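Step one of this worksheet: look at the structure below.
What follows is calculated from the coordinates using simple rules that are stated; it is not laboratory data. Please read all numbers here as calculations on a predicted model, not as lab measurements. As a convention, Cβ positions derive from the backbone with ideal geometry for all residues, glycine included, and neighbour counts pool all protein chains shown.
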Amino acid sequence: MGGAPNVGTVFKVTTGGTVTILHAFCTQSGCPDGDEPQAGLAQGSDGNLYGATFAGGANGAGTVFKITLSGTLTTLHSFNGTDGSQPSGGLVQGSDGNFYGATSGGGANGGGSVFKMTSSGTLTTLYSFCPQSCRDGEQPREQKL
């Protein structure tokens with residue numbers, strides 16, 4: 001993770017091993033930019049990088065962000081619980097140009113959600129998992145092998 005105060009960074013590394021921090025999360029009070037990114041970034045067809053943070057943001061439930069290759073970060077969406085919370089996996093860009101991801105909490109039923117988001121930040125919840133009483137699973141998470 002790293003960063004100040006140890007809640008994550010976005011960085012680049014040259015082939016020669018030089019590391020440059022592009023963004024350190026949660027350097028502002030309340031972490032409006034998010035904190036604890038837990039997965040890799042997806043490079044969009046527009047050249048920007050897209051990712052998610054597990055926590056922080058306007059509602060403390062995580063964010064989706066884009067960052068330019070020069071390090072300008074824009075928070076595109078702050079999860080509020082009803083649309084999901086705690087995204088723990090990476091995003092993928094579909095052939096339609098939208099980004100797709102999942103949250104491990106929140107959603108209409110509290111068991112996580114699957115969402116799509118435009119590159120400008122319009123989020124649509126596609127599915128809300130139903131905890132315990134349903135057979136569709138709950139709390140999707142990216143597993144590290």
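If I build a Gaussian network model for the chain, linking alpha-carbon pairs within less than 10 angstrom, which residue out of 101, 17, 40 has the largest mean-square fluctuation?
Most flexible of the set in this elastic network: 17.
For segment 28-42, in order, what is each residue's ³J(HN,Hα) by Karplus, 6.51 cos²θ - 1.76 cosθ + 1.60 with θ = phi - 60°, in whole Hz (x at glycine and Pro)?
Using θ = phi - 60°, the values come out as 10, 4, x, 6, x, 7, x, 8, 6, x, 10, 9, x, 9, 10 Hz.
So what J values fall out for segment 72-87 if you push phi through Karplus, 6.51 cos²θ - 1.76 cosθ + 1.60 with θ = phi - 60°, rounded to Hz, Gly and Pro as x?
7, 9, 10, 7, 8, 8, 10, 5, 10, x, 6, 9, x, 7, 6, x
Using amide H atoms built in the peptide plane, which far-off residues or other-chain residues are under 5 Å from residue 127 H to H?
114
Express as a percent, rounded to the nearest 5, the fraction of DSSP beta bridges in segment 30-128 (both residues included) that run antiparallel.
In segment 30-128, DSSP labels about 95 percent of beta bridges as antiparallel.
Can you give me the three principal axis dimensions of segment 30-128 from its C-alpha atoms, in Å, biggest first?
Cα extents, longest axis first: 37, 33, 20 Å.
Counting other beta carbons within 10 Å of each Cβ, put 66, 116 in order, fewest first.
If I rank by nearby Cβ atoms, fewest first, I get 116, 66.
Among 124, 18, 63, 118, what is the fewest-to-most ranking by other Cβ atoms within 10 Å? Write out the running numbers ahead of the final one.
Numbers: 124 11, 18 8, 63 27, 118 14.
Least to most surrounded, the residues fall as 18, 124, 118, 63.
Looking only at 122, 14, 75, which one moves most when the chain is put into a Gaussian network model with springs between Cα atoms under 10 Å?
Fluctuation is largest for 14.
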